[in-house]
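Every number here is computed from the coordinates shown, using simple stated rules; none is lab data. Worth saying up front: this structure is predicted, and the values here are computed from it rather than measured. Cβ placement follows ideal geometry from the backbone for every residue including glycine, while neighbour counts extend to all protein chains displayed.
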Amino acid sequence: MKKKRERILIFDTTLRDGEQSPGCSMNLEEKLRIARQLEKLGVDIIEAGFPVASEGDFLSVQQIAREIRGCQIAGLSRANPKDIDRAWQAVKEAANPRIHTFLSSSDIHLKYQLKKTRDQALKEAGAAVAHARCYTTNVEYSPMDATRTDRDYLCDVVEAVISAGATTINIPDTVGYALPDEFSALIAYLFDKVQRLRDVVVSVHCHNDLGVAVANSLAVLKHGVRQIECTMNGIGERAGNTALEEVVMAIETRKDLLNYRTGIVTRHLYQTSRLLTQITGVPVQPNKSIVGANAFAHESGIHQDGLIKEKGTYEIIKPETVGYTDTNLVMGKHSGRHAVQEHLKKMGFSLGRADLDRVFARFKELADVKKEIYDEDMEAIIHEEIFRTEDKYKLVYLNVVSGNVAVPTATMQMEIDGTLIQEAGFGVGPVDATFAAIRKITSTDYYLERFAINAITGGTDAQGEVTVQLKYNGHRVFGRGAHPDIIVASAKAYINALNRLEWVKSRNRKVEMK
């Protein structure tokens, strides 16, 4: 008889570690949208943020804890009473709150960053867990930079925090240094030397600096790891984290080798990936596994021939398993409000009357200039109309003159905190002129690091999706805009980035995180 598949817990840190990606800062409403989608996806634990980092982080973690009832909600804290108290205040109203506390354990971190001895760090780790246990039995501890820590000292740390009451022990590869065989050997060593490790949940948190975060996370399952920390699209510090969609689909697809299961509802993976992309403005590379635009595209004649005869010849995952479908025609200008509402429900969007009215009005406007409306078009409309919060800067009017014998000129009217301002800008092209007008109106001159245009769907009447990245004083933010006119889309993207930067600048001081 085949052994029953063991359950692997999925700990999602998109809202904490993922948000540390350059340009990926999210406001409270955006974080709530991600949290709701993660709950729908079926993750076990949502690490909602680092409450002590800022008032904004505290409020977003608190609101997520109050609203999300189907997942455990974790707040991250350094190993000190102030951080732990703040984390508990943020998560205490959750259905199942968790405090996740951490302290470095490697000699390089202790010597140069913390200036602590091993004994000091060991005592602080145990004291931190004991303090967290005053609030809840659901306490997770992470010895930061575990993969570069002396193994015997790491065993001492793990023993100490289990004795203090930690119920989840997370072994992070904080700088993405370990390789699969090496990481497997470390986990096996810990299980061999720390007998009480079998009494708690062992977790791993792998970074992707060497491109092996998913491989490392999968390799250690056979040694007793039962929780994987990951992010959607693999976003996170530097090269990112273990990609949730990859590790989940590897477990799901290779049941012959991986006798495990997760609680993830895989048909929501693609929609979750798209939502994150829309909110952050950070695109997924086309050849990204599972959720990339080319993940289920087959151009080779040999591959196409095989697929026609039998899908399994070249397709190891059915696209619908992860929620991916071909771009389907939604409807046209004669489609009614009820038809639009029903199709949106199929796409996973349930809108109230007021929101539906706004989306339907935009749908009709788009249908007047674009014959065929696709799912991606509807996603863009929803993002523009429903999910953008009140902004400092708003586009009111734009007119551009350009050509090979004209000086590109943009005349623009914007609203800034309710005040209408009009200006004109000149440039080497229509987009450059538009951005010049925006800079004049807003009295800003941030460095434009990235500008990219993509067609949302096929055809010359496709909506253009523009992303821009601005940099100011060490902060990077992405902006996104969509419109059938790519100049208007460019203006929307630039203004969206300005609004994001205003929000980032308004946040309180950030502190160093794992």
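A few comments on the model shown:
- Rounded, prolate or oblate (a/c below 1.5 giving rounded, otherwise prolate when a/b exceeds b/c) for the range 329-385 by Cα gyration tensor: rounded
- Counting only GluC sites (Glu not before Pro) that DSSP places in a loop and that have at most 11 other Cβ atoms within 10 Å, the longest clean stretch of the chain runs over 1-298.
- Distance between modelled label sites at residue 443 and residue 401, nm, 7 Å Cα→Cβ extension: 2.9 nm
- Assigned charges on the beta-carbon of Lys, Arg, Asp, Glu; the range 173-292 dipole about Cα centre (debye): 360 debye
- Size descriptors for the chain, from the alpha-carbon set: Rg then Dmax equal 24.6, 79 Å.
- In this label model, residue 473 and residue 134 are separated by 3.6 nm, measuring between points 7 Å along each Cα→Cβ vector.
- Shape of the range 393-506, Cα gyration tensor, a/c cut at 1.5: oblate
- Relative contact order (percent, whole number), the range 6-280, Cα cutoff 8 Å, 6+ residue spacing: 21 percent
- Label-point separation, residue 265 to residue 420 (7 Å along Cα→Cβ), nm: 4.6 nm
- Pairs of Lys residues in the range 68-124 are counted when their Cα atoms are under 25 angstrom apart and they lie 8 or more places apart or on different chains; the count is 7.
- Residues residue 255 and residue 193, FRET efficiency given R0 of 45 Å [Cβ-Cβ distance, rounded to 0.05]: 0.90
- Amide H contacts under 5 Å for residue 455, placed H, 5+ residues apart: 465
- Using a Förster distance of 60 Å, the FRET efficiency for residue 69-residue 111 (Cβ separation, nearest 0.05): 0.85
- For residue 174, residues with placed amide H under 5 Å, excluding near neighbours: 145, 146, 147
- Listed peptides 196-203, 493-500, 437-444, 161-168 by packing density, highest first (mean Cβ within 10 Å): 493-500, 161-168, 437-444, 196-203
- Estimated 222 nm signal from helices in the chain, with DSSP H stretches of n ≥ 4 weighted -39500 (n - 2.57), rounded to 500: -12000 deg cm²/dmol
- Couplings 3J(HN,Hα) of the range 168-179, computed from phi: 10, 10, 9, 9, x, 9, 4, 10, x, 8, 7, 10 Hz, in residue order, whole Hz [Karplus 6.51 cos²θ - 1.76 cosθ + 1.60, θ = phi - 60°; x for Gly and Pro].
- Computed 3J(HN,Hα) for the range 239-245, one whole-Hz value per residue from the Karplus formula 6.51 cos²θ - 1.76 cosθ + 1.60 where θ = phi - 60°, is 7, x, 10, 4, 7, 3, 5, glycine and proline marked x.
- Along the axis of the charge dipole computed for the range 393-506 (Cβ charges of +1 for Lys and Arg, -1 for Asp and Glu, origin at the Cα centre), the listed residues 488, 438, 462 are led at the positive end by 438.
- Long pairs among 346/492; 394/440; 3/222; 40/345, criterion Cα-Cα beyond 20 Å: 346/492
- Once C-alpha pairs closer than 8 Å and six or more residues apart are averaged by separation and normalised to the residue number of the chain, the relative contact order reads 12 percent.
- Cβ-placed point charges (K, R +1; D, E -1), dipole of the chain about Cα centre in debye, nearest 20: 1020 debye
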